[in-house]
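For reference, the structure is listed below as structure tokens.
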4 protein chains.
Amino acid sequence: MSSQASALVMGVGPEKGLGAALCRRFAKEGMQVFVCGRTKEKVHAVCSSITNQNGGAVPIVIDVTDIEQVDKMINLIRDSEHPLELAVYNAGNNLPQKFLDVTAETFTSMWKVLCLGGFLTSQAIIRLMLEQKEIAVQQSLLFTGASGSIRGKSGFSSFASGKGALRMLSQSLAREFGPQGIHVAHVIIDGVINGDRVVKGFPEFAEGLGEDGLLDIDAIAENYWNIHCQHKTAWTQEIDLRPFNETF
Amino acid sequence: MSSQASALVMGVGPEKGLGAALCRRFAKEGMQVFVCGRTKEKVHAVCSSITNQNGGAVPIVIDVTDIEQVDKMINLIRDSEHPLELAVYNAGNNLPQKFLDVTAETFTSMWKVLCLGGFLTSQAIIRLMLEQKEIAVQQSLLFTGASGSIRGKSGFSSFASGKGALRMLSQSLAREFGPQGIHVAHVIIDGVINGDRVVKGFPEFAEGLGEDGLLDIDAIAENYWNIHCQHKTAWTQEIDLRPFNETF
Amino acid sequence: MSSQASALVMGVGPEKGLGAALCRRFAKEGMQVFVCGRTKEKVHAVCSSITNQNGGAVPIVIDVTDIEQVDKMINLIRDSEHPLELAVYNAGNNLPQKFLDVTAETFTSMWKVLCLGGFLTSQAIIRLMLEQKEIAVQQSLLFTGASGSIRGKSGFSSFASGKGALRMLSQSLAREFGPQGIHVAHVIIDGVINGDRVVKGFPEFAEGLGEDGLLDIDAIAENYWNIHCQHKTAWTQEIDLRPFNETF
Amino acid sequence: MSSQASALVMGVGPEKGLGAALCRRFAKEGMQVFVCGRTKEKVHAVCSSITNQNGGAVPIVIDVTDIEQVDKMINLIRDSEHPLELAVYNAGNNLPQKFLDVTAETFTSMWKVLCLGGFLTSQAIIRLMLEQKEIAVQQSLLFTGASGSIRGKSGFSSFASGKGALRMLSQSLAREFGPQGIHVAHVIIDGVINGDRVVKGFPEFAEGLGEDGLLDIDAIAENYWNIHCQHKTAWTQEIDLRPFNETF
């Protein structure tokens, strides 16, 4: 049996994106990385970039809001015999809209990707981690949050509601499973990420903020890694990250 | 056209319950009260107790998580020609469970009643309130929260997640519609309510806390009324309520 | 012995100010009001305006940051034989300054008026309230907070630090003395008060906000009164108040 | 001129204590460490343990609540020609007491060490850092907080009040000086530190918690270092640390 530990990153999109940066960061540490996203091309591109550097990466193309697909994902990880030591729920989306323009479908689908997927995957992950207690050195389950997680504002009703739901889920898990050795933490990213989603999607907006005004994806990933490495007597439940010049 | 203002209370259950107490409190002020709940017998019993005291009460038996039923409810209120000045989203439920015992169905249905219903009804209510801006004196939309709204704990993953989602929704609405004259507030009820749900459902637990250790439903309702009456230069967005001897 | 209850308001300044409005509000309920401030003329003017309306008001001209003067104040109240049922610590000050311009003297004197006075008077008040437990109907100790109490921002280092200190004091007291029947609450005033301090001190600024953008002093006072009247099973520890159009 | 960067740690006590661990951690990175505390023997012992490992350590025996001594300290650092890149305000104390037993002297002296010293030293440090902007690579000012910083509880009135004051100070500085390139962060230590203060002072209490239930000082120090190293587009303002089995 292999004793190489594995990491799972959910919500992996473009190579220049937080999900991909997390995968690369964990692979650099020698972990086998399960790269999970909805878009086959993107997931495979991230895997290739890792394997090209002699890292270990396995693509998992699924929708994390579908319980059957989640089960398949976990079985694949369990069968790999790489103990799962680190999982990140990074799936998300944002769609600023006036409240009266938000359809019930949008509100629901935002919640599904922001929170329900976190619930479904957390359950499967925690079950697996409890099974693997003896063979894992460190077990962490991290969630990507946002300023909307702690503050609802005009135009962000569906985003803030979904992120607020995920945050309370993460706290419940931290309090239930921390004493069982699973480190559950929530990272509040307060600002705009320097990734393709914004840089390509809203180039003028990104330019206006400038390189220094956008959160560097590798810099963010470094913090996830540091949280994973924390000694069990000094665990973080919540941390915020923002550019030095962000107004908050 | 009648100029008598109306109030809508959603989530009305037993006569000895917070929803019913809110209805009675608002009726006492001379408001026409729309009494909304899922169980016909309960809704009608609350209406009778109000009309018996010469108050105005109209039963609305619907499921607030169903958009079509919500539309019907709002049309009924609009057609009544009583301007809607006060609405309370009080629907909720709780089911403490170990996280690994929570099914996806439970997690989803908790969110639906705790948050989605709040979204669907808020949209319909706010649209109506904006239409009635000229004929309404005061317009308030209040949400019932809980300690789980601000703190996830072991055994409360689905409850806290749903309540956290509702809280962020309420903040988003407060910031978007406050400047338009709609007062959106969130009431955190931190403790056990002295209503049938707990007193009849868990009699020993309720007895252990004692009369003084349970939140009196009329006392809670008084606070909702006070928030509705606040002058527009001194609005509350969030208030907490708990028994004097509650640990917090 | 008289059984008329009394209220104490600390930090009373101009007649058009929050302290004065609180005094008038409590006097209107028939309470004997101890009007406490540093400036003799202002304190006496507020007392006169109350006694002219047949209310009961006693001037106390002291500095609440001086323990001996505080003792004198409490002895005067004790000797009056009006049980002290309500006390408000409303003393405060603000002086926006760049951090590097704040002298140690300013930082210290801000803390003294914002927090130390609250400590000294709370101790004396709580001792008196415990003595009077049998003869008092309701016992409340309220603190005036601000947005700076929960959020430090540029230019407000001494103000936020002093207010943050007072808030943590109020929470400690709420948790220690709530179960003993003393209701300790903290009111966060988020915005500019429509009182002489700003209206006369910074007339253009006040005009820019407009009548509706300034917190009405009587409207604020109404909320303090409502908190005092809360049933002991539904006490508030913290409430926020702001104009409907305030950005937050 | 030397280009070796320096770090300043204030509030250094026993070798088995957080202050000392911070000094050792920073020295290990090759920084010249200014070891600041009130007790000469302790400060010198920490310096010796560092220099014995070929690290650079300079003792500064002062009281940080005295502005003249603070000035002397800063002059010494300025004259050293080691650019100050990292400073930690770790001075503190705790003395659980019933509220009515707290004297005005205790309340004041707690505030002085918990907050006033933070103010005095921050001003001197920030002035120096602004002078050294050109020659410093990274400039961080970190504050040690506690659970009392965000939650006042019975028996902790003076501690929570002082820590709450420090937290609001740190937020004000973060918002004013972050955009100028000085990283200001606040570390909430929620639990008991595995240092001599508790282990020797309250041995039975410490034993009851067990090795795993006490925050390891080196593990805490690791987190301070990581915060200092954060990329300027991903800065933390607040982080919490607690043992995995701590109830929170």
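The values are calculated or read from the model by the stated rules, or taken from the named source; none is laboratory data. Bear in mind that the values here come from a model prediction, so they are computed numbers and not experimental data. Cβ placement follows ideal geometry from the backbone for every residue including glycine, while neighbour counts extend to all protein chains displayed. For the accessible areas, the whole protein counts, side chains as well, though only heavy atoms, and no ligand, DNA or RNA atoms are used. Shrake-Rupley method; radii C 1.70, N 1.55, O 1.52, S 1.80 Å.
Shown is the FRET efficiency for residue A:80 and residue B:63, computed with R0 = 56 Å from the Cβ-Cβ distance and rounded to the nearest 0.05: 0.80. In order along the stretch B:134-149, the phi-based Karplus estimate (6.51 cos²θ - 1.76 cosθ + 1.60, θ = phi - 60°) of 3J(HN,Hα) comes to 5, 9, 9, 8, 8, 10, 10, 10, 10, 10, 8, x, 8, 4, x, 5 Hz; Gly and Pro are listed as x. Remark: the stretch B:232-240, residue by residue, has Karplus-estimated 3J(HN,Hα) of 5, 9, 9, 8, 8, 9, 9, 9, 10 Hz, where x stands for each Gly or Pro and the curve is 6.51 cos²θ - 1.76 cosθ + 1.60 at θ = phi - 60°.
What the Cα convex hull of the stretch B:129-175 gives, in volume per residue, is 76 Å³. Counting only residues at least eight positions apart within a chain, or on another chain, the aspartates and glutamates with an alpha carbon under 14 Å from that of residue B:98 are A:176.
Rg and Dmax of the stretch B:100-142, both derived from C-alpha coordinates alone, stand at 15.6, 51 Å. Close amide H pairs (under 5 Å, H built 1.01 Å from N) link residue D:182 with no residue at least 5 positions away or on another chain. Taken along its three principal axes, the alpha carbon spread of chain A comes to 53, 38, 36 Å, from the longest extent down to the shortest.
Excluding same-chain neighbours fewer than eight residues apart, the lysines reachable from residue A:200 by a Cα-Cα span under 18 Å are A:16, A:42.
In terms of distances greater than 22 angstrom between alpha carbons, the cross-link table entries A:112/A:163; B:133/B:232; D:40/D:163; A:72/A:112; A:163/B:112 yield D:40/D:163. Count Lys and Arg as plus one, Asp and Glu as minus one, and take only other residues whose Cβ is under 14 Å from that of residue A:30; the net charge is then +1.
Short-range pairs are left out: with C-alpha atoms under 8 Å and at least six residues apart, the relative contact order of the stretch D:148-248 is 27 percent. With a Förster radius of 30 Å applied to the C-beta separation of residue B:133 and residue A:247, the computed FRET efficiency comes to 0.35.
For residue A:58, the amide hydrogen comes within under 5 Å of the amide hydrogens of A:33, A:34, A:35, counting only partners 5 or more places away or on other chains and with H modelled in the peptide plane.
Here the label points at residue C:28 and residue B:51, each 7 Å from Cα along the C-beta direction, are separated by 3.8 nm in the simple model. Under a 5 Å amide H cut-off, with hydrogens placed 1.01 Å from N, residue D:155 pairs with D:99 among residues at least 5 apart or on other chains. Counting Cα-Cα pairs of the stretch C:1-95 in 10 Å increments starting at 0 gives whole-percent bin shares of 18, 54, 25, 2, 0. Counting only other chain Cβ atoms within 10 Å of each residue's Cβ, the peptide C:174-183 averages 5. Rounded to the nearest 10 degrees, the angle from helix D:40-51 to the longest Cα principal axis of chain D is 60 degrees. For chain B, the longest principal axis of the Cα atoms and the long axis of helix B:157-177 meet at an angle of about 30 degrees.
To the nearest 10, the accessible area of residue B:222 is 70 Å² with a 1.4 Å probe. Here the accessible area is traced with a 1.4 Å probe on the protein chains. For chain B, carbon and sulfur cover 49 percent of it. Centre-to-centre separation between the Cα atoms of the stretch C:107-145 and those of the stretch B:82-131: 40 Å.
Rounded to the nearest 10 degrees, the angle from helix B:18-28 to the longest Cα principal axis of chain B is 30 degrees.
The residues C:215, D:209, sorted by heavy-atom accessible surface at 1.4 Å with ligands and nucleic acids left out, run D:209, C:215 from largest to smallest. Coupling constants for the stretch D:106-115 follow from the phi torsions by the Karplus curve (6.51 cos²θ - 1.76 cosθ + 1.60, θ = phi - 60°), and in residue order they are 4, 4, 6, 6, 4, 4, 4, 6, 6, 10 Hz; glycine and proline get x. As a length-normalised measure over Cα pairs under 8 Å and 6 or more apart, the relative contact order of the stretch B:1-53 settles at 39 percent.
Relative to the current alpha-carbon distance between residue B:106 and residue B:229, full extension at 0.36 nm per residue lengthens the span by 40.6 nm. Entry note, chain B: the mean residue ellipticity at 222 nm calculated from DSSP H runs of n ≥ 4, each adding -39500 (n - 2.57), is -13000 deg cm²/dmol after division by the residues and rounding to the nearest 500.
In whole angstrom, note down how far apart the Cα centers of the stretch A:205-248 and the stretch B:169-241 are. Here the answer is 36 Å between Cα centres. When the surface is traced with a 1.4 Å probe over the full set of protein chains, residue A:151 keeps roughly 100 Å² accessible. Computed with a 1.4 Å probe over protein heavy atoms only, the accessible surface of chain D comes to 37 Å² per residue.
Using equal-weight Cα scatterers in the Debye expression, the normalised intensity of the stretch B:28-149 in log10 at q = 0.12, 0.13, 0.18, 0.21 Å⁻¹ is -0.51, -0.59, -1.03, -1.29.
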